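Presented below is the structure to which this report refers.
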Amino acid sequence: MRRMFIALLAMVLLAAIVVPAYALDYEEKPDIAVSFYGSNYFERGDQKTLTLVVYNNATREKVEYDNMDEAGFFGQNEDMLFTAYDVKFTLEGNDCIEVKTPTQSIPALPPMQPTTLNFIVKISDDAKAGKYELNLKATFYRIDGLKTLETYPNPFNPSEPYIPVQQQIQYEIVNGQETGNGTKTYVYQSILKKYEIDYIKVTKTIPIAIYVEEKSVVLEVVSVQSEDLIGKGKGKVTVEVKNVGDKVAKSAYLVLDTPSGIEPQGLGLQSQGMSSAMPAGMMPGMSSMPMGMGMLMGLPGMGGMQGAQLPTTSPLSTTKAAYYVGDLKPGETATATFYIKFDVKDEGVYPLHIKAVYLDEYGRLTESESTTFGIHVKAAPSFDVVDVKSSVFVNAKGDVTVKLRPSTDLKDASVILTAKQPLSVLSAEYYVGDVRAGEEFAAVFKVKAGDEAKPVTYPAEITVKYRTMDEYFESDPVTIGVKVNPKIKFEVYGTPKIAAGSEKVVTFTIKNVGNFTVREATARLTITDPFSSSDDTAYIGTLKPRQTAEVKFKLSVDADATPKKYGLNLEVKYKDLEDEWAISEPTKAVIEVTPPQPPYGAIALVAIIAIVAVAYYYLRRRRK
């Protein structure tokens, strides 16, 4: 015969009765434990977040119910017994540590479900290095027992307080065979009407250890002096920094980070109140030599750390300069002078960042936090084009005079002219020296216009080069117009006549209708049929604007030439304003050919001979 063990599970009363409080007892009641997430180490002056992990370390070991009603109520929800309710956490500060976060609350903290608390703490600047203990006060409620329980009557059998809903038997299995031992389980339900639970308030103080370390090397910018800080130029910045930390920066380098468009270069460093810690062979003044920021093999004082990489810099920084300053002790200052090149144009205050890269007390390569300071940079130099004059002619050289007015003082200024074909700049740079802001100055250039040039205005660019510190820079180019004048013109007056079949010296009047005086001018007549000449050139000499001169040519005309007006090309070769030979555009010289004239000389000779013969005849007859 099998032995049966009967267990009552999840019982809830049905009878409409009020049950008095019972004594509930269980082990490992709700409790609060704390651990750190992240670091609990701080430095003087820090204001950081302290992160605590809090959790309820209760576990179910043993629960003793006083009666079936209590077991039925809590049996299937025992987590209620091990949960901390209405949990509040208050972190208390002290004279050196201020807690800025108020009390934090958690409605319920189930067992083994950790949660994080973030407290902002401020470490006093006067706090000494060491261990500080803060108090974390935690208050919560836990269940003490079932105070009252009220249910509705059993609708099926009012005399029975419980409603049976299920029963089952589970036999013990041994070696794959059922044994005679088994457990019969009865499951009952009830209809809950009302209940009350007793709670106990628990208060707990948990010590929280905070460690204040010596403050690392911290740079404070004491003063900033600047000189010639101008866009598109080069200036000088002298920065004095102080180590306001608690530790010594051994074999320190000062690193200057700059935004894009600003490039620093070191000039030199000197320290005040510092011990002489420069490596052997590193003489004063040598620090003016820029040190690279790559591998540390070439950094004095760090040669034994070959292969070590410098810490990465801020993403803002794209350019940096580093210089050796030796050991920088707490309270000591160092002064660094940097040349800075600016590839920016706009005026404004630009941020720079300076930090120390050094060896700490353990010989580890360390860098301080960057300290930001601002420098005021003037706008890049610009200039106004006041006037442009051109004496350039087609197929000739000439002067282009540009008058400019700068926006700022400039040293060793030069003006550069660039142009494209058909213009050729023969003297591209014109030195003007030092100029003052707002004062006009002129630059003159030699420019030649090719034979294919047209008498129009061609674009060219003007750039001003100037010196700041020891380097030269150029302004943004400005477009100007260079006017090309037409070739000088000459007008020919007069229409000489010559009879067909004759030879004659013809005369023309030439007028200079250009804008400048020509010298050593010679007129040349292009001879075509029916003309011929043994002398087709005539010297003019100097001819001023609007001045005229006569030129003579000896021409012969064929006897069978058609009587009419003929046009021959006449060109003038001359020296221009640049003492260069030039040839004018051809102009027409008009000559009128007339019909051949009768041979009046022969007729006269025959007449004379006839008269003599007649006279001789009469003379002889008279003698006879």
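The values are calculated or read from the model by the stated rules, or taken from the named source; none is laboratory data. This one's a predicted model, so the numbers in the text were calculated from it and none came from an experiment. Here the Cβ is made from the backbone with ideal geometry for all residues, glycine too, and neighbour counts use every protein chain on show. In case anyone asks, the SASA skips ligands and DNA or RNA and just uses the protein heavy atoms, side chains included. Shrake-Rupley method; radii C 1.70, N 1.55, O 1.52, S 1.80 Å.
Within segment 463-479, the set of residues being of a type in the set (K, R) and touching a Lys or Arg at 6+ places or on another chain (Cβ under 7 Å) comprises just one member, R467. For segment 288-300, the condition of being at pLDDT 50 or above and either open to solvent by 40 Å² or more (accessible area, probe 1.4 Å) or over 15 Å from A356 (Cα atoms) (or both) holds for none of the residues. Condition check: open to solvent by 30 Å² or more (accessible area, probe 1.4 Å) and either touching a Gly at 6+ places or on another chain (Cβ under 9 Å) or modelled with pLDDT of 90 or more (or both). Does S275 satisfy that? Yes, satisfied. Applying the criterion of being over 60 Å from the mean Cα position of the chain (by Cα), open to solvent by less than 50 Å² (accessible area, probe 1.4 Å) and of a type in the set (A, V, I, L, M) to the residues of segment 499-515, the residue that is nearest to S584 (Cα to Cα) is I510. Checking L577, L555 one by one, the residue that is surrounded by 13 or more Cβ atoms within 10 Å (Cβ to Cβ), assigned to a loop (DSSP other than H, G, I, E, B) and in contact with a Phe, Trp or Tyr (Cβ under 6 Å, 6 or more places away or on another chain) is L577 and no other. Among the numbered conditions (1) touching a residue at least 60 places away in the same chain (Cβ under 8 Å); (2) in contact with a Leu (Cβ under 8 Å, 6 or more places away or on another chain); (3) under 19 Å from P259 (Cα atoms); (4) surrounded by fewer than 18 Cβ atoms within 10 Å (Cβ to Cβ), the only one that I354 does not meet is (4).
On the stretch given as segment 323-351, residues that are more than 14 Å from K247 (Cα to Cα), assigned to a loop (DSSP other than H, G, I, E, B) and either charged (D, E, K, R) or free of Cβ contacts under 8 Å to residues at least 12 places away in the same chain (or both) total 4. Taking the listed residues T185, T179, T205, the one that is farther than 30 Å from V377 by Cα and at pLDDT 90 or above is T205, with no other qualifying. The residues of segment 415-433 that are surrounded by fewer than 12 Cβ atoms within 10 Å (Cβ to Cβ), in a strand (DSSP E or B) and either touching a residue at least 24 places away in the same chain (Cβ under 8 Å) or among the aromatic types (F, W, Y) (or both) amount to a single one, Y431. Criterion applied to V456, V506 was being out of contact with any helix residue (DSSP H, G or I) (no Cβ under 9 Å at 6 or more places or on another chain), β-branched (V, I, T) and more than 30 Å from D536 (Cα to Cα), and the one residue passing it is V456. If I filter segment 82-93 for residues that are of a type outside the set (V, I, T), part of a helix (DSSP H, G or I) and buried (at least 16 other Cβ atoms within 10 Å of the Cβ), do I get at least one hit? Yes, segment 82-93 contains a residue that is of a type outside the set (V, I, T), part of a helix (DSSP H, G or I) and buried (at least 16 other Cβ atoms within 10 Å of the Cβ). When each of E133, E160 is tested for being open to solvent by 70 Å² or more (accessible area, probe 1.4 Å) and at pLDDT 90 or above, the lone residue that passes is E133. Considering each residue of segment 483-498 in turn, at least one proves to be surrounded by 13 or more Cβ atoms within 10 Å (Cβ to Cβ), of a type in the set (A, V, I, L, M) and farther than 30 Å from L404 by Cβ. Can you find even one residue in segment 454-467 that is touching a Pro at 6+ places or on another chain (Cβ under 6 Å), open to solvent by 50 Å² or more (accessible area, probe 1.4 Å) and at pLDDT 95 or above? Looking through segment 454-467, at least one residue is touching a Pro at 6+ places or on another chain (Cβ under 6 Å), open to solvent by 50 Å² or more (accessible area, probe 1.4 Å) and at pLDDT 95 or above. Against the test of being within 30 Å of S556 (Cβ to Cβ), aromatic (F, W, Y), touching a strand residue (DSSP E or B) at 6+ places or on another chain (Cβ under 9 Å) and modelled with pLDDT of 90 or more, the options F441, F490 yield a single qualifying residue, F490.
Please go through segment 28-76 and give me each residue that is part of a strand (DSSP E or B), charged (D, E, K, R) and under 23 Å from V202 (Cα atoms), ordered by number. E64, the sole residue that qualifies. From the list K483, K454, exactly one residue is part of a strand (DSSP E or B), closer than 27 Å to D576 by Cβ and among the basic types (K, R). Which is it? K483 is the lone residue from the list that is part of a strand (DSSP E or B), closer than 27 Å to D576 by Cβ and among the basic types (K, R). Among the residues of segment 486-510, those identified as β-branched (V, I, T) and assigned to a strand (DSSP E or B) are V492, I498, V505, V506, T507, T509, I510.
So is S226 under 25 Å from L352 (Cβ atoms), surrounded by fewer than 17 Cβ atoms within 10 Å (Cβ to Cβ) and at pLDDT below 95 or not? Yes: the conditions hold for S226.
When segment 516-531 is filtered for residues that are surrounded by 14 or more Cβ atoms within 10 Å (Cβ to Cβ) and polar (S, T, N, Q), the ones remaining, listed by number, are T517, T522.
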